[in-house]
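One structure is given below, encoded as structure tokens.
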Amino acid sequence: MGVSTSSPEKGISVVTVDFPPVNALPVHGWFELADSVRAAGRDAGIRCVVLAAEGRGFNAGVDVKEIQAKGASALLGANRGCAEAFAAVYECEVPVVAEVHGFCLGGGIGLVGNADAIVASEDAAFGLPELDRGALGAATHLSRLVPQHLMRALYYTSRTATAAELHRHGSVWRVVARERLRSAALELAREIAGKDGRLLRLAKAAINGIDPVDVRRSYRFEQGFTFEAGLDGTGDRVRGTFGRGGGRPQGGG
């Protein structure tokens, strides 16, 4: 359980998240993920990082129950941890391919929205249930996956979009059957890793440099409103309903 790193092929590092039952990460998990992604990117022998997960889904966001139990300290920790993990993916020195299966919610959107490419299984679903969980954030990253008005509708309703829908918008590179997900992700990573390593790193820095939005600053701005909701009690009131409705896992970011 936790975050592990492997290298199945030369030039490729796979960073895998495994926090049962639904990959809702506790505070330390976000920092652990950030450290692992940054370490993989610093490795001179690595030319592409694949971000993957074990279990039922890719990511269900933050561990809301940890925040319910520990209060403000856990909320602040989750805010900082998410910011670091998202930034680690974006700032990774080499391209990052997100390998997504099942649910990708809340903080999961922050991860894949900052990745360089996404390969998803047919059962993958992407969304931000923040308004149902007493939080705000990651609209910055959802905006990188879907057009502006769709982002707003998804955000306000807490609905999800399928991998096929994101593929039509151009944000998901490829959609495959669940059993073929790893091979498809490695296929793309292999093609990327076949390029000159020094040039890849320069390309990543150059592409980040021309981005129209500073994703770290934009996300931290959003998080300020999560903190405001926490101060006036709104966050706790809405978060207090978590876990009562059953159904699929819901996360926050």
Notebook entry, point to check: Could you give the Stokes-Einstein D for region 1-92 in µm² per second, using the C-alpha Kirkwood radius, 25 °C, 0.890 mPa s?
Noted result: 182 µm²/s
Margin query: Need one word for region 124-222: rounded, prolate or oblate. Basis is the Cα gyration tensor (sqrt eigenvalues a ≥ b ≥ c); a/c below 1.5 gives rounded, then a/b vs b/c decides.
Written below: oblate
Next item on the list: With a probe of 1.4 Å, find how much accessible area region 183-244 has per residue, and write the answer as a whole number in Å².
Entry: 64 Å²
Note to self: Relative contact order of region 81-220, please, whole-number percent, based on alpha carbon pairs below 8 angstrom and at least 6 residues apart.
What the structure shows: 28 percent
Margin query: Rolling a 1.4 Å sphere over the protein heavy atoms, what is the accessible area per residue of region 48-162, to the nearest Å²?
Written below: 31 Å²
Check: So for the pair R42, I207, with labels modelled 7 Å out along Cα→Cβ, what separation do we get in nm?
Finding: 2.3 nm
Notebook entry, point to check: By what distance, in whole Å, do the Cα atoms of the chain stretch along each of the three principal axes, largest value first?
Noted result: 52, 37, 32
Checklist line | Volume in Å³ per residue [convex hull over Cα atoms, computed for region 63-113] | finding: 70 Å³
Next item on the list: Would you mind telling me the share, in percent, of accessible area of the chain contributed by carbon and sulfur at probe 1.4 angstrom?
Entry: 54 percent
Note to self: Can you tell me, using C-alpha contacts under 8 Å and at least 6 residues apart, the relative contact order of the chain as a whole percent?
What the structure shows: 23 percent
Check: Can you give the relative contact order of region 37-97 as a percent, counting alpha carbon pairs under 8 Å and 6+ residues apart?
Finding: 58 percent
Check: So what is the calculated 222 nm ellipticity per residue for the chain, using -39500 (n - 2.57) for each DSSP H run with n of 4 or more, over all residues, to the nearest 500 deg cm²/dmol?
Finding: -14500 deg cm²/dmol
Margin query: Counting only GluC sites (Glu not before Pro) that sit in a DSSP loop (anything but H, G, I, E, B) with at most 16 other Cβ atoms within 10 Å, what is the longest stretch of the chain containing none of them?
Written below: 123-253
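The values are calculated or read from the model by the stated rules, or taken from the named source; none is laboratory data. Keep in mind that this is a model prediction, so the values were computed, not measured. Positions of Cβ are backbone-derived with ideal geometry, glycine not excepted, and every protein chain shown enters the neighbour counts. The protein model used for the area step is the full one, side chains on, heavy atoms only, and it has no ligands, DNA or RNA in it. Shrake-Rupley method; radii C 1.70, N 1.55, O 1.52, S 1.80 Å.
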